[in-house]
1. Most fluctuating residue of P43, P148, P234 in a GNM of the chain with Cα springs under 10 Å: which is it?
2. Residue-wise, which Karplus ³J(HN,Hα) couplings in Hz belong to the range 221-226, taking 6.51 cos²θ - 1.76 cosθ + 1.60, θ = phi - 60°, and x for glycine or proline?
3. Which of rounded, prolate, oblate describes the range 20-157, given a ≥ b ≥ c as roots of the alpha-carbon gyration tensor eigenvalues and a/c under 1.5 marking rounded, otherwise prolate only if a/b is larger than b/c?
4. If you take every DSSP beta bridge fully contained in the chain, what fraction is antiparallel? Give it as a percent rounded to 5.
5. Are there any chymotrypsin sites (Phe, Trp or Tyr not before Pro) in the range 173-252 that are in a DSSP loop and have at most 12 other Cβ atoms within 10 Å? List them by number.
6. Per-residue HN-Hα couplings for the range 19-28, Karplus 6.51 cos²θ - 1.76 cosθ + 1.60 at θ = phi - 60°, whole Hz, x for Gly and Pro?
7. Just in the range 1-85: which trypsin sites (Lys or Arg not before Pro) are loop by DSSP and have at most 15 other Cβ atoms within 10 Å?
8. If you put +1 on each Lys and Arg Cβ and -1 on each Asp and Glu Cβ, how big is the dipole of the chain around its Cα centre, in Debye rounded to 20?
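The values are calculated or read from the model by the stated rules, or taken from the named source; none is laboratory data. These figures come from a predicted structure and were not determined experimentally. Cβ atoms come from the backbone with ideal geometry, glycine included; neighbour counts cover every protein chain shown. Remember, those area values only see protein heavy atoms, side chains included, never the ligands or the DNA or RNA. Shrake-Rupley method; radii C 1.70, N 1.55, O 1.52, S 1.80 Å.
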Amino acid sequence: LDAVECGVTWFEHASGFAHAMYKGWNLFEIDKEEWSHIDWENPDQEKVKELCEKMLAYNVKLCPTLALYDQSIKYPDVWSPENIVVESAAKINYLMEYWNQQAEHVESIKKYNAKTNNLDKAIAKTYHDMGGTVVAGTDTPALLYSFPGMFLHRELEIFVEIGFTELEALQAATVNAAKSINLDGIGVIKEGFIADLVILTDNPLEDIKHTKHIDTIVKGGKLYTQDEILSHIPSEEEVEKSTASFIEQWEL
């Protein structure tokens, strides 16, 4: 609430919502006796609604990144579908090294993320139902095995799991996401709009998991397969060379 009064209208991870609901609460003091009355498994819906009403008055945009926490809590049973994109990410050494390092602290990660997981879901659904803007995002490659390019599909699945319709979940990643950052001419299939498309083999309105069934990508008016898209990813050597060049430029 302090942030929105200062003009902040975009909130990632539902950051600060729990703090606003429980004055003085701190994520790193979650086990203190004074907070033992909070039922994190069954969020106080009245408090959630009251806070969402205040956020709605400021036209706040919410990007809850639910998949990020879900992946951490379920570790080692992580979401990892058989897909060429996931297989490609698994070959990127610096990504895997980062995630493997994070996994060494998995108990702490689980402890802090699990506490507010259900609250974040309740906030996202309630704010959406009240007419607030809720968009899909991932914060990849944060925390544990949040596969770039694929993790958004898991976020859409969770949106549907908490009560969004398949269409509402898709809109959260397309037209509503575009509107939330004031982008015109993108996010819908319409004459005069940018025609970047993902063409699927199955209908996602029947099952949101069908968003992973990708046949073709249209980018800049050209058709691509997933293999062709992935072939343009720079090698680790190229990334290191580019990074070194960037650092050298700014050091001078």
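1. Maximum fluctuation in the GNM of the chain, among the listed residues, is at P234.
2. x, 10, 8, 9, 8, 4
3. oblate
4. In the chain, DSSP labels about 60 percent of beta bridges as antiparallel.
5. Hits after loop and neighbour filter: nothing returned.
6. Using θ = phi - 60°, the values come out as 5, 6, 6, 10, 4, x, 5, 9, 4, 8 Hz.
7. Of the trypsin sites (Lys or Arg not before Pro), the ones in loops of the range 1-85 whose Cβ has at most 15 other Cβ atoms within 10 Å are K23, K32.
8. Result for the chain is approximately 480 debye, rounded to the nearest 20.
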